[in-house]
Each structure stands twice: as C-alpha cells, then as structure tokens.
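Report on one structure; see the data block that follows.
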Amino acid sequence: MCVRRCVITVGDLGEFGAVSRISGRLPQGATVLLGPGDDAAMVRAPDGRVVVSTDLLLEGRHFRRDWSSGYDVGRKAAAQNLADVAAMGAVPTSIVVGLGMPADLPVEWLDALADGFRDECAVVGASVVGGDIARGDLVVIGVTALGDLGGRAPVTRSGARPGQVVAVAGRLGYAAAGLALLESGWPPSHPSEQSRAEARSPGPSRVEGMSFSPRREALWEAVAAHRRPCPPYSSGPEAAELGASAMLDVSDGLLQDLGHIAVASGVRVELDPAAFVVGEPVAAAAELLGADPLDWVLSGGEDHALAAVFPAGVALPSPWRIVGHVVAGQGVHVRGREIGHAGWDHFA
C-alpha cells in the first residue's frame, strides 16, 4: 500500500504497454492508410514524391526536464521536423518517432510527450504514424517527418542569385531570449501553471541577485518560445507558390543558416539590421539581462522561422518581410555590424 501518491513509471508499463499507451493517444488523419501497430506505416503520397527530414533531441543538450514539460518537448520535437518539411515548400503529412527513455520516467511525462506530438502535428494536419522505443539513461527523441509537395518543385538552398531579395517569416530571437532567461534563473520554479501564475503576480523578481520588476508577460512569452516554437508552416508552401528560389528553416541562427544558402548558391547575402523587427519579449529579456537584442535576432536558433530568397519585385504577403538582398560574392554580411558568434554549433 502506498503511503504517498504512487508514481507509475515507464518501467512499470513495459515496452508493449508503453507503445500501447502512446498509440492510444494518437488519432490518425486522412493521409494515413495504415497507422501504428504493424512493422511499418503507410501514408498517401498524392504528388508521387515524398519529402523526408529527420532530427534528434537529446536530454541535457536540446532540452531539460526541469525547464520543459513533456508536453513542451513533444511540441518542440515535432515542430523542428515539420518546419524542415515546410522549408522545402511541402505540406507535412506524418511523422514517426524513435524514443529512448529511462525506466523510472513517470508515465505522466510520457503521456504529455505524446500529447505534444499529437497537438503540434494537428496544427498542420499531420499524424504520428509509428515509431520505436528503447530503454536509455536519458530521454532521446528521434523524429522523421514526411511531406507532400503538391506538384510544386522543391525549394532548395542552391537557387539564390544576385539581384534577388532575402525575406523572413516567423519570429526571430524569441527562443534565444527565453533560453538566456532560463539560464539566468528566471523564472525560479518549474514551468507549471501554478508557478506561472505566481510569476505573473505583482512584486519584484530576482535575477542574479538583482531586484527588478520586468514586463512579466513579455518575459513569459520568450520562455514559452524556447519551450515551444511556433513555425510559420503555411509560409513554406506559400513561398514556393510565390517563386522562392531558395529557402530554409532557421534552426541554428539566421546568420549561420543563411550562410548555408550563400555557400550552396555561390553568392553573398547582405542584410540590413534596420529591417529586422525586435519583438517585445526579446526587448524585455535584453533589458533585464543587459544584452543586445539584435544578437539574438541574428544568431539565436530554435525559433524555426523561415528564410527565403525571392525575385526582386515580388509582392510578399504577411508575415514575409524583406531583410536584405543577394549580391555577387561569398558569405553573409550585416551592414554596419561586426559578426561575432553566428549561431549554434552542435559539437561546440
């Protein structure tokens, strides 16, 4: 008999119990012909071609369980893969998930993780169609996303040409600002609704021993952006329809990622710092921490915005905004600004 509240773990369920529990939380969409339960899934490919992308998330490297809930991690893991598909000009259709986890992982965390996958996929009408699980010392998540081009040509990184314009869609700098806040000790408690309500209550906050009354809602938005990105999924296929010649997902920082386009296309990208919008959450975090917000906008990763190159003169709808242009040469240059740290290095 439990004196305290019993915590059911993944080890209590066993492999097949965990698989069954996850599968029961994952509805299947119209593109799925055969979902979880067999050796492989089967999904429709109306275009006849399939766009495929895969990513890994490692506990302690890409997320921390004391900073992010299972639901946050599920949303984030799905989002970064779905955004890669959108960056090719495709519509995401499904994902499969490989999951390593310790036996003492609470089942509640696993449930929340599955719900996060489900809800992020629902944003684009995709489904979680299968995967695999194994025991490990830490939580390790591998996601493979599939997408359909709908008859469009894929938008690669190698199509940029001198005379074209560079535009971005989505938020920049938010996730980096949120990470900096968490690393500084703000907020001081676990990301529960109760702690969030307490953090919103009147009164000073203390970061690195300094009493300060920040714009709490803006700061919470930055932290939320680190936990759960909000990619502009529909802007990817839209950019393809508008004639984008090159495009990618901004996962490791705008300067570093545009550098991939510059190398692949053999061109130079010139950016205008005055063209960037510094969001209120980014500005509030920079004010609190004494940082330059434009550093986060240019070099911060994990917002999963989209950056694309378009022919000059194309009328771009919101949320696309022009931030620079393409010229002959090499590399990425920001007008009037020295570039130091350019983005995320997975082996740094």
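The values are calculated or read from the model by the stated rules, or taken from the named source; none is laboratory data. Small disclaimer: the values here were computed from a predicted structure and weren't measured. Cβ coordinates were reconstructed from backbone atoms using ideal geometry, including for glycine residues, and neighbour counts include every protein chain displayed. Accessible surface is based on the protein model in full, side chains and every heavy atom, while ligands, DNA and RNA are left aside. Shrake-Rupley method; radii C 1.70, N 1.55, O 1.52, S 1.80 Å.
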Here the residues of segment 243-275 lying in the modelled label zone of VAL327, meaning backbone nitrogen under 12 Å from a point 7 Å along Cα-to-Cβ, are 268-272
Find the accessible area per residue for segment 1-150; the probe is 1.4 Å, ligands and nucleic acids are left out, and the unit is Å².
47 Å²
Among the DSSP beta bridges whose two residues both lie in the chain, what percent are antiparallel, rounded to the nearest 5?
75 percent
Rounded to the nearest 500, what is the chain's calculated 222 nm mean residue ellipticity when only DSSP H runs of at least 4 contribute -39500 (n - 2.57) each, over all residues?
-10000 deg cm²/dmol
Alpha-carbon Rg with Dmax, taken over segment 1-151, Å:
15.7, 61
Mind telling me which of MET42, MET247, MET88 comes out most flexible in a GNM of the chain, alpha-carbon contacts under 10 Å?
MET42
Can you give the relative contact order of segment 1-85 as a percent, counting alpha carbon pairs under 8 Å and 6+ residues apart?
18 percent
If I model a spin label as a point 7 Å beyond the Cα along the Cα-Cβ vector, how far apart are those points for ASP137 and GLU280 in nm?
4.5 nm
The chain: C-alpha gyration tensor shape, a/c 1.5 cut-off, then a/b vs b/c
oblate
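Accessible area, 1.4 Å probe, largest first: how do GLU241, GLU120, GLU59 sort?
Descending accessible area places them as GLU241, GLU59, GLU120.
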For segment 37-97, with all protein chains present and a 1.4 Å probe, just round the carbon and sulfur fraction of the accessible area to a whole percent.
53 percent
